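Since the structure comes first, as structure tokens, the remarks are kept for the end.
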Amino acid sequence: MDLRMHQELAAVWDDVEADDDVRLAILTGAGDRAFSVGQDLRERALLDREGVPPSTFGSRGQPGWPRLTERFTLSKPVMARVDGYALGGGFELALACDLIIASDRAVFALPEATLGLVPGAGGAFRLARQLPLKVAMGYLLTGARMTAQEALRFGLVNEVVTSEKLDETVAAWTKAVLRSAPLAVRAVKEAVMRSVDMPLEDAFSTSFPWEQRRRHSVDAVEGPRAFAEKRPPVWQGR
């Protein structure tokens, strides 16, 4: 991932959030070799020679900010379709997604420490929150690689299938998400992501804007009505 790619991705995430017809985004890599192997280190070496200050945690002030790893208010769910290598910044992108569907040949790692770097796009923070701390530290301090089955055992991914079944499985998950009411999905994501580090009592007393929209929406009436009338709901997203 180079600076140009980060700029282009930022425009995509702007469109995803702004377009109400987009209810779910799927992030994947081209081809079947890798999801992403992370930062373009050749570009980083060139920037070093040009005297550009080294990067650190976060991307503020850099092209493409806020990147997906720092879009804390993105209200649409994002699913990572991982086939092959998800290393460094690629793994950090996947960790920032709400769902991860991986092929059985997927490989995850944060090798930054072995390169004199840090997982600055949130990997150090998210892995320690999504794994037991000692397990996370083992991967972070050594750059060790994690297989798809290990990631599944740790709860980092939602499902692991053969590469031949990956698209079929992603489509099934997509269909399942799209059966839910769009405002309810956004309200749930917002409430979960904003409250995950709150005391439980504070979470119950916090006002969540997307929940206010859902609560007063047409869809909030449509769901129970459709259930009572024994028919599929027709969501309007309002």
Viscosity 1.306 mPa s, temperature 10 °C: what is the translational diffusion coefficient of segment 1-72 from Stokes-Einstein with a Kirkwood Rh over Cα pairs, rounded to a whole number of µm²/s? 114 µm²/s
According to the square roots a ≥ b ≥ c of the eigenvalues of the Cα gyration tensor, what is the shape class of segment 67-107, taking rounded for a/c under 1.5, prolate for a/b larger than b/c otherwise, and oblate for the remainder? oblate
Residues whose built amide H sits under 5 Å from the amide H of V107, excluding neighbours closer than 5 in sequence, are G84, Y85, A86
Accessible surface of the chain [probe 1.4 Å, protein heavy atoms]: carbon and sulfur percent: 57 percent
For segment 56-131, averaging the sequence separation of alpha carbon pairs under 8 Å that lie six or more residues apart and dividing by its residue count, the contact order in percent is 34 percent
Looking at the chain, which longest stretch skips every one of the GluC sites (Glu not before Pro) that is in a DSSP loop with at most 12 other Cβ atoms within 10 Å, leaving the sites themselves out? 51-228
Which one, V52, M79, A94, is farthest towards the positive end of the dipole of segment 50-103 when Lys and Arg carry +1 and Asp and Glu -1 on their Cβ? M79
Measure out, as a whole number of angstrom, how far apart the alpha-carbon centroids of segment 1-72 and segment 138-199 sit. 20 Å
Work out the charge dipole of segment 91-190 with +1 on the Cβ of Lys and Arg and -1 on the Cβ of Asp and Glu about the Cα centre, then indicate which of W173, F108, A128 is farthest towards its positive end. A128
Rolling a 1.4 angstrom probe over the protein heavy atoms, how many square angstrom per residue are accessible across segment 86-193? 46 Å²
How much accessible area per residue does segment 20-71 have, counting only protein heavy atoms and a probe of 1.4 Å, in square angstrom? 66 Å²
Where the convex hull is taken over the Cα atoms of segment 7-49, what is its projected area averaged over directions, in nm²? 4.3 nm²
For G29, what residues show an amide H to amide H distance below 5 Å, using hydrogens built from the backbone and excluding near sequence neighbours? D83
Between Q130 and S195, what is the spin-label point distance in nm, taking each point 7 Å from the Cα along the Cα→C-beta axis? 2.2 nm
Hey, what's the per residue convex hull volume over the C-alpha atoms of the chain, in cubic angstrom? 145 Å³
To the nearest 10 degrees, how steeply does helix 3-18 sit against the main Cα axis of the chain, on a 0 to 90 scale? 10 degrees
Could you tell me how many degrees, from 0 to 90 and to the nearest 10, lie between the Cα long axis of helix 218-228 and the main elongation axis, the longest principal axis, of the Cα atoms of the chain? 60 degrees
Whole-Hz ³J(HN,Hα) for each residue in segment 118-123, computed from phi via Karplus 6.51 cos²θ - 1.76 cosθ + 1.60 with θ = phi - 60°, x for glycine and proline: what do you get? 10, x, x, 9, x, x
The chain: relative contact order in percent, alpha carbon pairs under 8 Å with at least 6 residues between: 17 percent
Dipole magnitude of segment 1-151, debye to nearest 20 (Cβ charges: Lys/Arg +1, Asp/Glu -1, about Cα centre): 540 debye
Percentage of interatomic Cα-Cα distances in segment 85-129 larger than 17 Å: 28 percent
Residue-wise HN-Hα coupling along segment 25-35, computed from phi with Karplus coefficients 6.51, -1.76, 1.60 (Hz; x: Gly, Pro): 10, 10, 10, 8, x, 6, x, 10, 8, 7, 6
Return the Cα extents of segment 119-197 along principal axes one, two and three, sorted largest first, each rounded to a whole Å. 41, 36, 21
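The values are calculated or read from the model by the stated rules, or taken from the named source; none is laboratory data. This structure is a prediction, so every number in the text was calculated from the model and none was measured. With ideal geometry, Cβ positions are generated from the backbone for all residues, glycine too; neighbour counts draw on all protein chains shown. Heads up: the accessible areas ignore ligands, DNA and RNA and are worked out on the full protein's heavy atoms, side chains in. Shrake-Rupley method; radii C 1.70, N 1.55, O 1.52, S 1.80 Å.
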